[in-house]
Amino acid sequence: MSALQEMETTMTTTVATQQVPVHRFPVPTAPVGVIPTQRTVADVDPVDALWLDYKTTSSPVAREQLILHYVPLVTAVAGRLGMRLPNTVEQADLVSYGMFGLIDAIEKFETDRAVRFESYASSRIRGAILDELRAMDWVPRSVRSKARAIDRAFCELEVDLHRAPSQREVAEHLGISTGELNSVLGQVASVNLAALDEVVSGEDASGSLSMGDRLGDDRVPDPVAQVEAMETSHLLGRAIETLGERERLVVVLYYYERRTLAEIGRVLGVTESRVSQMHTAAMARLRHQMREAERVA
C-alpha cells in the first residue's frame, strides 16, 4: 500500500469513528412555572368562522357578513372591466351587476375544495357583469364581432400600407366581396352611438364642446328658440287684448305699422306728449301681464 492510499484510509477511518453533531431548531417551551396557553376559538380566522357557520347552518347573518366582507372584490373586478367600456357605462351599475355574481358564488362555493374563494368568485362576478351588459345591448353579438373584425382589418392594412386602405383592399383582406363589405358596414354603422350632451373636447365641462354643439348647423333656426318666440307672441297678443281701445291702438300703430308718435297723435286727435303718456301706460300694463303669465306658467 502506497503512502497516499494509507493516508486516505486513515482519514476515512477517523471520519467514520467521529460523531457528527446534528443541528436542530430549539423547541420553544414556556418558562418554568408558566402554563402554556391553549389555542382558543378567538384565534380562529373570523372569515373561516363565518364560512363554517354559513355552510353548516345556512345562517342568513353569516351570509350577509360574507357578502359585506367580499364587496371590495366586486369593486376591483368592476373597475378592471370598466376601463375597457365607454364612458356611458356607470361604474356603480357594474358594481350592482357584480353583486349578483358575488351572492351566487357565496351560495355555490364548496369550502372543501382546494380553490381560493377569491379566484372562484372573480370569474363569477365578471361573468355576471358581462351577462348583464350583453342583455342590455340591443346590437346582436354577430354584428359586434363583425365590427371588431373590420376594425382589425383597417388597423393591419394601415400598418402594412402606411395609408388608409380602400374598401376593396379591406374586402380582399377579409376574404369577402365589396358588396358584402358594404352590407356589413351598414349593419356596423348602427353599433356605435353617442349622446348629444357628451363632452368631446376639453378637459372639463366648462368651456368645452359637446357632441350636440359640434353637430349644430347655424343656418338652421333653433327649434327651441322658435317655440319660445311663438309662445311669447301668443302671450303678448293676449296681453294686448286686455288694454283699453286707445292704448291698444297706440301699440298697434307704433310697433306693427311703424308710425311715429306725431302721426299717431294726428290719428287720435291728441298731442304727441299725450301719445307718449298713453304708450308708457300701455307698456307698464303689458309688462305686468307678461310677468303674471310667466309666473302662472
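The values are calculated or read from the model by the stated rules, or taken from the named source; none is laboratory data. What you are looking at is a predicted structure, and each value in this text was computed from that prediction instead of being measured. Positions of Cβ are backbone-derived with ideal geometry, glycine not excepted, and every protein chain shown enters the neighbour counts.
Within the range 79-99, restricting attention to residues that are crowded, with 17+ Cβ neighbours inside 10 Å and within 14 Å of S123 (Cβ to Cβ), the residue that is modelled with the lowest pLDDT is L81.
Inspect the range 116-130 for any residue being surrounded by 12 or more Cβ atoms within 10 Å (Cβ to Cβ), assigned by TED's automatic domain parsing to the domain that holds D53 and within 15 Å of the chain's Cα centre (by Cα) and give the result as yes or no. Yes: the range 116-130 contains one or more residues that are surrounded by 12 or more Cβ atoms within 10 Å (Cβ to Cβ), assigned by TED's automatic domain parsing to the domain that holds D53 and within 15 Å of the chain's Cα centre (by Cα).
Listed residues E241, E231; which is more than 30 Å from T88 (Cα to Cα), at pLDDT below 90 and surrounded by 10 or more Cβ atoms within 10 Å (Cβ to Cβ)? Spell out how you get there, then give the answer.
Numbers: E241 fails: surrounded by 10 or more Cβ atoms within 10 Å (Cβ to Cβ).
From the options E241, E231, the qualifying one is E231.
Taking only the range 269-280 into account, find how many residues are assigned to a helix (DSSP H, G or I) and loosely packed, with under 15 Cβ neighbours inside 10 Å. Adding up the residues that qualify gives 5. Within the range 281-297, restricting attention to residues that are part of a helix (DSSP H, G or I) and among the aliphatic types (A, V, I, L, M), the residue that is farthest from Y254 (Cα to Cα) is V296.
Being touching a Leu at 6+ places or on another chain (Cβ under 8 Å) and either among the acidic types (D, E) or over 13 Å from L249 (Cα atoms) (or both) is the filter here; which residues of the range 260-273 pass it?
First, the residues of the range 260-273 that are touching a Leu at 6+ places or on another chain (Cβ under 8 Å): 263-264, 267-268, 272.
Scanning the range 260-273 gives E263, E272.
For the range 169-220, a residue qualifies if it is more than 16 Å from S145 (Cα to Cα), at pLDDT 75 or above and assigned to a loop (DSSP other than H, G, I, E, B), and the qualifying residues are S177, R219, V220.
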